[in-house]
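Colleague: My questions will all concern the structure given below.
The values are calculated or read from the model by the stated rules, or taken from the named source; none is laboratory data. Everything numeric here is computed off the predicted structure, so don't read it as measured data. FYI the Cβ positions are ideal-geometry reconstructions off the backbone, even for glycines, and counts take in every protein chain you see.
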Amino acid sequence: MARKRQRITLEDVAREAGVSPMTVSRVINNTGRISQATREHVREVIARLDYRPSRIARSLVTNETHMIGLVVPDIASPYFAEIVQGAEEIAWEKGYSILLANTSENPQRELAVLPQIEETKVDGLIWCSSRLPEETLLALLEKHASAVVVNRQAPPHLASVVRSRHGLGYRARRAAAFLIQTGRRRIGYLQLYRSAAAAPIEDFMAELARWGVEINRAWYIPCAPLWQSGYEHTQQLIARHPELDAIIGGNDLVALGAMRAVLEAGRRVPDDIAIIGGDDIFLAGQVTPALTTFHVPKHEIGVMAARLLFKRLEGDTTYHEHLFDERLIVRESAPLPPGVTLDL
């Protein structure tokens with residue numbers, strides 16, 4: 001059986017080059033007064049031995065790990081997966097790695113993983129869609145010199161921000177206005193309940209009132225941001241309230257779960273019940289009928305979050321905020337009838 005190759009150490013390079021370990025360290029970190037001939041000789045030995053400096057050892061010298069932390073509520077969600085992909089793309093360009101923490105939509109787990117990230121001494125942190133209360137979130141941000149928050153607010157001295165231009169409640173209000181103008185009057189709402197930044201139900205009801213449409217609190221159900229939750233809650237909702245002619249899901253996974261429940265109950269989408277989702281994941285346009293939803297630039301969110309973080313890491317500690325737009329994408333699950341002109 002082949003023997004495992006032993007890792008080349010800094011001391012091995014020093015011995016082969018005939019110099020001190022300190023000289024090798026200075027060549028690697030480009031510090032100290034060393035002749036050009038010695039530098040070139042040590043670099044030649046490093047290349048020949050294929051020596052790769054330990055990241056941990058280098059971080060002790062530079063006080064940098066070349067790692068950034070990225071916290072997301074659910075890595076299995078296509079929404080967050082695209083954000084991670086965008087952030088990782090920029091980190092790779094900068095020569096950084098990402099330490100990814102998945103909190104499984106659990107605020108207690110979110111609290112538990114943060115000390116683990118701190119122990120690794122990451123150079124910066126991207127905190128995406130935190131489920132923590134505002135006072136807890138802000139207290140934890142105090143511990144990080146370089147941070148960016150996504151889909152939450154933060155004081156300028158604590159973090160830069162990437163968030164929707166339109167604010168909380170925008171999707172629910174606009175979805176309600178759209179459905180009402182396309183002839184729907186009995187609208188159910190599966191509101192995401194695990195997000196500390198979730199839009200208050202009062203915003204949604206205020207939009208219904210503005211159009212003079214019936215408001216029935218029994219049609220509005222708190223829902224976890226998961227497909228299974230959307231499916232199960234919709235089963236209950238349409239069994240108890242068969243009069244519903246539309247359902248708004250807090251995100252696309254919830255809306256897709258709702259669609260399955262409606263179809264399994266023998267109801268037609270959109271003829272009997274129109275359905276609107278929330279973030280335009282890839283699957284939204286692939287199902288039948290395709291899902292009407294709000295397009296959110298998920299990859300761009302990740303890219304901008306990483307760029308704002310690197311601004312801070314590079315010494316620009318001024319506050320930066322990137323606002324992204326959300327736009328309604330009309331598809332077959334809630335179509336626009338011929339001749340209807342919208343006032344949104």
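Colleague: Pick from Glu300, Glu264, Glu321: which is surrounded by fewer than 17 Cβ atoms within 10 Å (Cβ to Cβ) and at pLDDT below 95?
Modeller: After ruling out the rest, the residue left standing is Glu321.
Colleague: Scan the range 81-101 for residues that are closer than 24 Å to Leu253 by Cβ and out of contact with any helix residue (DSSP H, G or I) (no Cβ under 8 Å at 6 or more places or on another chain) and report the count.
Modeller: Summing the residues that are closer than 24 Å to Leu253 by Cβ and out of contact with any helix residue (DSSP H, G or I) (no Cβ under 8 Å at 6 or more places or on another chain) in the range 81-101 gives 1.
Colleague: Within the group Tyr193, Tyr189, which residue is under 26 Å from Ile221 (Cα atoms) and modelled with pLDDT under 90?
Modeller: Numbers: Tyr189 fails: modelled with pLDDT under 90.
One residue alone meets the criteria, Tyr193.
Colleague: Now for a separate question. The conditions are (1) outside any helix (DSSP H, G or I); (2) closer than 14 Å to Ala334 by Cα, and Leu179 fails exactly one of them. Which is it?
Modeller: Here Leu179 meets the rest and fails (1).
Colleague: Part of a helix (DSSP H, G or I), touching a Phe, Trp or Tyr at 6+ places or on another chain (Cβ under 7 Å), small (Gly, Ala, Ser) and surrounded by 15 or more Cβ atoms within 10 Å (Cβ to Cβ): is that true of Gly230 in this structure? Talk me through it step by step, then tell me what you get.
Modeller: Numbers: part of a helix (DSSP H, G or I): yes; touching a Phe, Trp or Tyr at 6+ places or on another chain (Cβ under 7 Å): no; small (Gly, Ala, Ser): yes; surrounded by 15 or more Cβ atoms within 10 Å (Cβ to Cβ): yes.
Considered against the rule, which asks whether it is part of a helix (DSSP H, G or I), touching a Phe, Trp or Tyr at 6+ places or on another chain (Cβ under 7 Å), small (Gly, Ala, Ser) and surrounded by 15 or more Cβ atoms within 10 Å (Cβ to Cβ), Gly230 comes out as no.
Colleague: Looking at the structure I just gave you, is Glu243 surrounded by fewer than 18 Cβ atoms within 10 Å (Cβ to Cβ), part of a loop (DSSP other than H, G, I, E, B) and at pLDDT 95 or above? Show your work before the answer.
Modeller: Numbers: surrounded by fewer than 18 Cβ atoms within 10 Å (Cβ to Cβ): yes; part of a loop (DSSP other than H, G, I, E, B): yes; at pLDDT 95 or above: yes.
So Glu243 passes the test.
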